[in-house]
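Read through the structure below, which is laid out as structure tokens, and then see the notes.
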Amino acid sequence: MKSLFAITLGLLMQVATAQQFTVQPENSKLSVSGTSTLHDWECVAETFKGNISAKIENDQIVSIDKFNFQFQVEDLKSGKSAMDNKTYDALKEKKHPTITYNGTAVVMNGHSATFSGTMKIAGKEREMVTKVKMNYSNGVIKLSGAKAFNLTDFNMDPPTAVFGTIKTGDEVKIHYNIQLK
């Protein structure tokens, strides 16, 4: 009888360790960078949301069950309003105001993982796999990395300016350093 009680208690404790972690935007950074015929550029997402459901054992992340991240296109800022407006047009912000990444699977490998999910940009969904560095300490998960992709993969035309003489490169990269608590 004691064995059955111990097994039941052990199972309950394992279930109890699955926790929900929410993005702490004040301690996080999400940006998009790329190139153009004039100069390299970067837009920073001023605000974004996200959460992860993770199982923690012995102060280590043992599994991640669910994850999702999102931000509003209009929250991307470069510091140049003309460039921001070109970005919003390219991302089809009026029709598709939100960019999302919803998880489908996570493969853990020590302090790194491979996240698989569906990215939705400008109304187009694509499967995306990205390598992520992870750290867990004092109830906080930190995720960092970068993922390059082409705008044309999402049926977007790279923005142009000055009657097409300035052209943005097709490849962009999302950089993230995210803290979740």
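The values are calculated or read from the model by the stated rules, or taken from the named source; none is laboratory data. Fair warning: this is a prediction, and the values are worked out from it, not measured in the lab. Here the Cβ positions follow ideal geometry from the backbone for every residue, glycine too, while neighbour counts run over all protein chains shown.
Exactly one residue out of Ser112, Ser116 is farther than 21 Å from Gly34 by Cα and either aromatic (Phe, Trp, Tyr) or touching a Lys or Arg at 6+ places or on another chain (Cβ under 9 Å) (or both), and it is Ser112.
Pairs only if they're at least six apart or on different chains, beta carbon under 7 angstrom, first in region 153-170 and more than 17 Å from Glu93 (Cβ to Cβ) and without any contact (Cβ under 8 Å) to a residue 24 or more places away in the chain, second in a helix (DSSP H, G or I) and of a type in the set (A, V, I, L, M); list them, first residue then second. That search, which allows pairs on different chains as well, returns Asp170/Leu151. Could you please find all residues in region 56-97 being farther than 22 Å from Asp157 by Cβ, in a loop (DSSP other than H, G, I, E, B) and touching a residue at least 40 places away in the same chain (Cβ under 8 Å)? The answer is Asp59, and nothing else. Filtered by the rule that a residue be loosely packed, with under 12 Cβ neighbours inside 10 Å and of a type in the set (Lys, Arg), region 88-139 gives Lys94, Lys95. Considering the conditions (1) in contact with a His (Cβ under 6 Å, 6 or more places away or on another chain); (2) at pLDDT below 95, Val162 is excluded by exactly one of them, (1). Going through (1) of a type outside the set (A, V, I, L, M, F, W, C); (2) surrounded by 15 or more Cβ atoms within 10 Å (Cβ to Cβ); (3) under 21 Å from Phe48 (Cβ atoms) one by one, Thr160 falls short only on (3).
For region 1-32, how many residues are under 27 Å from Ser81 (Cβ atoms), surrounded by fewer than 16 Cβ atoms within 10 Å (Cβ to Cβ) and at pLDDT below 95?
Looking only at region 1-32, we keep the residues that are under 27 Å from Ser81 (Cβ atoms), and these are 23, 25-26, 28-32.
Those left that are additionally surrounded by fewer than 16 Cβ atoms within 10 Å (Cβ to Cβ): 26, 29.
The next check asks that each one be at pLDDT below 95; those that pass are 26.
Final tally of qualifying residues: 1.
Within the bounds of region 152-167, is there any residue that is farther than 19 Å from Phe69 by Cα, of a type in the set (Val, Ile, Thr) and in a strand (DSSP E or B)? Yes, region 152-167 contains a residue that is farther than 19 Å from Phe69 by Cα, of a type in the set (Val, Ile, Thr) and in a strand (DSSP E or B). Taking the numbered list (1) in contact with a helix residue (DSSP H, G or I) (Cβ under 9 Å, 6 or more places away or on another chain); (2) farther than 16 Å from Ser31 by Cβ; (3) in contact (Cβ under 8 Å) with a residue 60 or more places away in the chain in turn, Lys124 passes all entries but (3). Would it be correct to say that Thr47 is modelled with pLDDT under 95, under 16 Å from the mean Cα position of the chain (by Cα) and either farther than 19 Å from Asn150 by Cα or not in a loop (DSSP other than H, G, I, E, B) (or both)? Answer is yes for this residue.
The condition of being over 13 Å from the mean Cα position of the chain (by Cα) and either under 17 Å from Val32 (Cβ atoms) or touching a residue at least 24 places away in the same chain (Cβ under 8 Å) (or both) does not hold for Thr100.
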